[in-house]
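J.: Just passing along the structure, written as structure tokens.
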Amino acid sequence: MDFVPDPRLGAFRVEVRQFLDGLSAELRGRPRATRSAPAEVRRWQRVLHARGWGAPYWATEHGGTGWSVPQILVFDEECAAAGTPTVDGFLHKLVGPVLNRFATPAQQAEHLAPALRGERLWCQGFSEPGSGSDLASLRTAAQRDGDHYVVNGQKIWTSYAHESDWIFLLVRTDASVKKQAGLSFLLVDMKTPGITVRPIRSIDDFHHLNETFFDHVRVPAMQRIGDEGQGWEITKFLLNNEHASTAELPALKRYRRCIDELADTQPVGRQRLRDRPEFALRLARLDAELQAIEMLVQRVAALEADHHPDALWLGSMLKVRGTELQQRLTEFHVEALGDYGAVAYPHPELDSAVALPGQDAARGLANDMFFRRASSIYGGTNEVQRGIVAKLLLQL
Ligand SMILES: Cc1cc2nc3c(=O)[nH]c(=O)nc-3n(C[C@H](O)[C@H](O)[C@H](O)COP(=O)(O)OP(=O)(O)OC[C@H]3O[C@@H](n4cnc5c(N)ncnc54)[C@H](O)[C@@H]3O)c2cc1C
């Protein structure tokens with residue numbers, strides 16, 4: 001892995017900035033929630049697609065931009081800095097790569113084109129009550145009935161199920177074999193009769209999570225990706241992509257910029273926050289960690305591109321370090337707010353009706369801090385990631 005900056009990246013950054021500068025005001029300068037509202041995600045996807053950047057993370061043979069890892073990092077960073085809406089991560093980082101690798105040409109044509117035009121948002125139906133870390137123990141059953149499967153069971157923690165068009169679902173098609181061998185991967189239209197979505201409100205006072213129930217839901221067998229029983233292999237491929245992206249480097253950088261703003265604007269007695277030595281010391285430590293994560297992101301992505309086995313444990317290490325830093329930076333925000341940090345002001349993206357004159361810096365920061373408690377749980381808990389590092393790297 002070569003960490004020497006590529007001079008051509010500068011020209012690419014200028015190209016991205018010019019594109020972002022030309023966007024309409026509604027698509028820029030937005031306070032970023034974890035995922036923007038569905039209408040904005042769709043709209044942003046349409047704009048990117050029209051620019052030829054509809055699949056910024058995929059290879060050209062899959063209709064992507066074919067950008068290198070450093071280019072992708074520049075693109076993400078500039079979008080976060082410009083405050084564009086978010087993309088549908090489930091499409092771009094999870095189900096899209098699965099379809100590119102495992103789906104038939106007919107399935108790819110059916111699902112990828114509309115998604116890249118912003119017409120189809122996705123959610124992930126893996127976890128169940130009692131089956132999270134031990135995912136292979138899941139019980140939602142899909143029984144073959146002619147050219148359909150009949151799905152019965154329950155998923156939980158289904159992020160954005162209430163505003164998604166399709167779900168990718170891991171189901172049990174054979175209960176008589178070893179648990180991993182009995183799983184299959186289905187795509188299901190969320191409008192199919194028999195699906196019920198119930199909200200779970202989380203500690204950040206936002207509705208992104210749901211319980212999703214399947215009651216005799218008929219799914220065409222042609223919506224199965226790969227062979228029957230191949231679900232675990234597909235899931236392992238998908239989850240490895242998930243580990244590397246859960247560090248969320250652009251979000252980390254955005255949090256860091258926010259601390260800079262607070263450092264210059266928050267008074268502490270007669271000083272600015274930035275002038276306090278203990279503040280400066282903590283900030284320097286966080287900066288060192290941020291730089292280490294940035295290098296680790298590049299290293300993991302380069303190893304993944306080479307299909308190198310070290311990508312697996314390094315991806316797990318990145319997940320642990322990246323999510324811990326998300327938590328520390330957002331906690332630091334709230335501390336830096338001083339007295340304002342004691343109040344969880346509404347997130348501007350989520351509740352624009354509430355006006356809090358003079359306290360703009362405080363809005364949404366506590367929500368982010370609370371939400372980030374979950375970063376070390378979703379995408380595979382950090383304890384499980386540590387287990388992977390112990391096994392693969394330390395051979396424990
Ligand atoms: C905000 C949020 C969004 C999510 N979004 C989705 C989604 O969209 N789709 C979806 O399918 N799921 C989603 N999840 C679910 C997530 O994947 C699971 O919560 C996660 O895999 C953990 O499973 P669990 O909650 O059942 O906990 P458990 O697996 O029951 O774990 C409980 C505790 O035991 C520990 N533990 C378990 N096994 C081990 C082990 N082998 N070694 C050491 N410690 C262990 C865990 O680390 C944890 O501390 C989301 C979760 C959250 C919090």
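J.: Tell me yes or no: at least one residue of region 175-182 is among the hydrophobic types (A, V, I, L, M, F, W, C) and within 16 Å of the ligand (Cβ to nearest atom). Can you show your working first?
T.: Taking region 175-182 and keeping what is among the hydrophobic types (A, V, I, L, M, F, W, C), we get 175, 177, 181.
Then drop every residue that is not within 16 Å of the ligand (Cβ to nearest atom), which leaves none.
No; the residues of region 175-182 include none that is among the hydrophobic types (A, V, I, L, M, F, W, C) and within 16 Å of the ligand (Cβ to nearest atom).
J.: Right, next: Looking at region 197-212, can you tell me whether even one residue there is surrounded by 18 or more Cβ atoms within 10 Å (Cβ to Cβ) and among the polar types (S, T, N, Q)?
T.: yes
Per-residue answers, yes or no, for (1) surrounded by fewer than 18 Cβ atoms within 10 Å (Cβ to Cβ); (2) touching an Asp or Glu at 6+ places or on another chain (Cβ under 8 Å):
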| residue | (1), (2) |
| --- | --- |
| TRP122 | no, yes |
| PHE126 | no, no |
| ASP134 | yes, no |
| ASP145 | yes, no |
| PHE168 | no, no |
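J.: Moving on to the next point. Scanning for something modelled with pLDDT under 85, in a loop (DSSP other than H, G, I, E, B) and at negative phi, does region 286-304 turn up at least one residue?
T.: Looking for residues that are modelled with pLDDT under 85, in a loop (DSSP other than H, G, I, E, B) and at negative phi, one finds none in region 286-304, hence no.
J.: Here's something else I'd like to know. With respect to PRO114, determine if the residue is more than 15 Å from the ligand (Cβ to nearest atom), under 23 Å from ILE195 (Cα atoms) and without any contact (Cβ under 8 Å) to a residue 24 or more places away in the chain.
T.: Working: more than 15 Å from the ligand (Cβ to nearest atom): yes; under 23 Å from ILE195 (Cα atoms): yes; without any contact (Cβ under 8 Å) to a residue 24 or more places away in the chain: yes.
Yes; evaluated as a whole, the condition is true for this residue.
J.: Looking only at region 158-194, filter to residues that are in a strand (DSSP E or B), in contact (Cβ under 8 Å) with a residue 60 or more places away in the chain and out of contact with any Phe, Trp or Tyr (no Cβ under 6 Å at 6 or more places or on another chain); which one of those is farthest from GLU211 (Cα to Cα)?
T.: My answer is PHE185.
J.: Give the residue, chosen from GLY146, GLY125, that is touching a Phe, Trp or Tyr at 6+ places or on another chain (Cβ under 8 Å) and either more than 16 Å from the ligand (Cβ to nearest atom) or touching a residue at least 24 places away in the same chain (Cβ under 8 Å) (or both).
T.: On the way: GLY146 fails: touching a Phe, Trp or Tyr at 6+ places or on another chain (Cβ under 8 Å).
That would be GLY125, the only listed residue that is touching a Phe, Trp or Tyr at 6+ places or on another chain (Cβ under 8 Å) and either more than 16 Å from the ligand (Cβ to nearest atom) or touching a residue at least 24 places away in the same chain (Cβ under 8 Å) (or both).
J.: Restricting attention to region 264-301, which residues are more than 24 Å from ARG321 (Cα to Cα) and either touching a residue at least 60 places away in the same chain (Cβ under 8 Å) or not assigned by TED's automatic domain parsing to the domain that holds GLY338 (or both)? Even if it seems obvious, please write down each step before you answer.
T.: Taking region 264-301 as the starting set, the residues that turn out to be more than 24 Å from ARG321 (Cα to Cα) are 264-277.
Passing the criteria: THR265, GLN266, VAL268, LEU273.
J.: Scan region 314-338 for residues that are touching a residue at least 60 places away in the same chain (Cβ under 8 Å) and over 19 Å from the mean Cα position of the chain (by Cα) and jot them down. Before the answer, list the steps.
T.: If we filter region 314-338 for residues that are touching a residue at least 60 places away in the same chain (Cβ under 8 Å), which is where we start, we get 315-323, 325-326, 329-330, 332-333, 336-338.
Within region 314-338, PHE332, HIS333, ALA336, LEU337, GLY338 meet the criteria.
J.: State all residues of region 193-210 that are under 14 Å from TRP157 (Cβ atoms) and away from the ligand (no atom under 11 Å from the Cβ); if no residue qualifies, say none.
T.: Answer for region 193-210, where residues must be under 14 Å from TRP157 (Cβ atoms) and away from the ligand (no atom under 11 Å from the Cβ): VAL197, ARG198, PRO199, ARG201, HIS207.
J.: I need the full set of residues from region 195-224 which are touching an Asp or Glu at 6+ places or on another chain (Cβ under 8 Å) and in a loop (DSSP other than H, G, I, E, B), in order please.
T.: Hit for region 195-224 is ASP204, nothing else.
J.: Every residue in region 129-143 that is more than 8 Å from the ligand (Cβ to nearest atom) and in a strand (DSSP E or B), please. Steps first, please.
T.: Residues of region 129-143 more than 8 Å from the ligand (Cβ to nearest atom): 136-143.
ALA141, ALA142, GLN143 - these are the residues of region 129-143 that are more than 8 Å from the ligand (Cβ to nearest atom) and in a strand (DSSP E or B).
J.: Which of the residues belonging to region 191-212 are in contact with a Ser or Thr (Cβ under 6 Å, 6 or more places away or on another chain) and modelled with pLDDT of 95 or more?
T.: Our first condition is that a residue be in contact with a Ser or Thr (Cβ under 6 Å, 6 or more places away or on another chain); within region 191-212, this holds for 197, 208-210, 212.
If the condition is that a residue be in contact with a Ser or Thr (Cβ under 6 Å, 6 or more places away or on another chain) and modelled with pLDDT of 95 or more, then VAL197, LEU209, ASN210, THR212 are the ones that fit.
J.: What residue, of TRP67, TRP53, is surrounded by 19 or more Cβ atoms within 10 Å (Cβ to Cβ) and aromatic (Phe, Trp, Tyr)? Before you say what the answer is, go through the steps one by one.
T.: Values: TRP53 fails: surrounded by 19 or more Cβ atoms within 10 Å (Cβ to Cβ).
That would be TRP67, the only listed residue that is surrounded by 19 or more Cβ atoms within 10 Å (Cβ to Cβ) and aromatic (Phe, Trp, Tyr).
The values are calculated or read from the model by the stated rules, or taken from the named source; none is laboratory data. This structure is a prediction, so every number in the text was calculated from the model and none was measured. Here Cβ is always computed from backbone atoms with ideal geometry, including for glycine, and neighbour counts include all displayed protein chains.
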